[in-house]
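A.B. asks: Following this message is one structure expressed as structure tokens.
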Amino acid sequence: MTDDKDVLRDVWFGRIPTCFTLYQDEITEREAEPYYLLLPRISYLTLVTDKVKKHFQKVMRQEEVSEIWFEYEGTPLKWHYPIGLLFDLHASNTALPWSITVHFKNFPEKDLLHCHSKDVIEAHFMACIKEADALKHKSQVINEMQKKDHKQLWMGLQNDKFEQFWAINRKLMEYPPEDNGFRYIPFRIYQATTERPFIQKLFRPIASGGQLHTLEDLLKDVCPSAIAPEDGEQKTQVMIHGIEPMLETPIQWLSEHMSYPDNFLHISIIPRPTD
């Protein structure tokens, strides 16, 4: 991969100032103060909110505490989506800090997966990495790694250790020079205005003529309404990690530098602010 380490570092250390408040109907022994946290964009809510859980449990009656879950403006937040994706999809045009509501009751079974331990997050994370490598290298790179390498990827994410994670992850971002890129690009496109979870299909980074495919090429193929609305007026934004990348950016470069730790490009299509 091309060595734009500053980009990798900026992506890794992206943070979202967040204010957690307890849902008003939760029964408490005393008033629950809000809890403020800088959330890492690349991580998962259930991985970085132990302190939040402890903070609110202190004021709760223990018999009232069951599985914790989070919600923003009425939308349950999927813990298995990276935090940065959740923010881009649901809250990117709102004032900071991001205001998240904490619940300990009435778990929304239809909307959320249960997460009873960190092992569940690790299993999800590794499944995504394996799927991404199946697309990029026919699983050859991940299968050649040792168990300790897999563990190092997970521990790097869990403990927020950039160098530890990238020492292994860079192998997943390499490809033979003669290929000019990955076999297929691991990506998922999410639309704020649809019930469909996400769009995912096979897309090669290199056209048959040898030229590099761009973000625009990907969107034209997979989600044309995002860049060419029917009435000609651009009503959406294309967001990755809180920024709008230029549409002419090669998709191979984006995959190497702007993927989340799970090795997927998570692309949000959101309504453009009207003001």
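A.B. asks: What are the residues in the range 196-225 that are among the aliphatic types (A, V, I, L, M) and closer than 26 Å to Pro177 by Cβ, if any?
C.D. replies: Here is the first cut: in the range 196-225, the residues among the aliphatic types (A, V, I, L, M) are 199, 202, 206-207, 212, 215, 218-219, 222.
Correct list: Leu202, Ile206, Ala207, Leu212, Leu215, Leu218.
A.B. asks: Additional query: Return the pairs, sorted by first residue and then second, in which the second residue is of a type in the set (Lys, Arg), the first residue lies in the range 64-89 and is more than 13 Å from Ala192 (Cβ to Cβ), the beta carbons are less than 6 Å apart, and the residues are 6+ apart or on different chains.
C.D. replies: Close Cβ pairs satisfying both conditions: Ile68/Lys53; Ile83/Arg41; Gly84/Arg41.
A.B. asks: If you go through the range 242-267, how many residues are touching a Phe, Trp or Tyr at 6+ places or on another chain (Cβ under 8 Å) and modelled with pLDDT under 95?
C.D. replies: Adding up the residues that qualify gives 1.
A.B. asks: Also, quick follow-up: Counting only residues that are assigned to a loop (DSSP other than H, G, I, E, B) and of a type in the set (A, V, I, L, M), which one in the range 200-216 is surrounded by the most Cβ atoms within 10 Å (Cβ to Cβ)?
C.D. replies: Ala207
A.B. asks: Run down Leu112, Leu153, Leu135, Leu172 and say which single residue is within 19 Å of the chain's Cα centre (by Cα), of a type in the set (A, V, I, L, M, F, W, C) and within 30 Å of Glu26 (Cα to Cα).
C.D. replies: Within the list Leu112, Leu153, Leu135, Leu172, the selection yields Leu112.
A.B. asks: Hey, which of the helices (runs of 4 or more DSSP H) in the range 130-199, taking only ones fully inside, have at least 3 residues that are within 27 Å of Asp6 (Cβ to Cβ) and modelled with pLDDT of 95 or more?
C.D. replies: 147-158, 162-172
A.B. asks: Can you find a residue in the range 130-140 that is of a type in the set (Ser, Thr, Tyr) and surrounded by 14 or more Cβ atoms within 10 Å (Cβ to Cβ)?
C.D. replies: yes
A.B. asks: For the range 148-165, give me each residue that is touching a residue at least 40 places away in the same chain (Cβ under 8 Å) and open to solvent by 30 Å² or more (accessible area, probe 1.4 Å).
C.D. replies: Within the range 148-165, Gln158, Asp160 meet the criteria.
A.B. asks: Considering only the range 247-275, state which residues are within 21 Å of Gln211 (Cα to Cα), β-branched (Val, Ile, Thr) and without any contact (Cβ under 8 Å) to a residue 40 or more places away in the chain.
C.D. replies: Once the filter is applied, which keeps residues that are within 21 Å of Gln211 (Cα to Cα), β-branched (Val, Ile, Thr) and without any contact (Cβ under 8 Å) to a residue 40 or more places away in the chain, the range 247-275 yields only Thr249.
A.B. asks: A follow-up question, please. Only one of Leu96, Leu89, Leu22 is under 16 Å from the mean Cα position of the chain (by Cα) and either farther than 30 Å from Gln164 by Cα or modelled with pLDDT of 90 or more (or both); which?
C.D. replies: Leu89
A.B. asks: Kindly indicate the residue of the range 173-199 that is more than 17 Å from Tyr81 (Cβ to Cβ) and charged (D, E, K, R) and also surrounded by the most Cβ atoms within 10 Å (Cβ to Cβ) among those meeting that condition.
C.D. replies: Once the filter is applied, the top-ranked residue is Arg183.
The values are calculated or read from the model by the stated rules, or taken from the named source; none is laboratory data. Source: prediction; values computed, not measured. Ideal geometry is used to build each Cβ from the backbone, glycine not excepted, and the neighbour counts take in all protein chains shown. When the accessible area is computed, the model is the full protein with side chains, heavy atoms only, and any ligands, DNA or RNA have been set aside. Shrake-Rupley method; radii C 1.70, N 1.55, O 1.52, S 1.80 Å.
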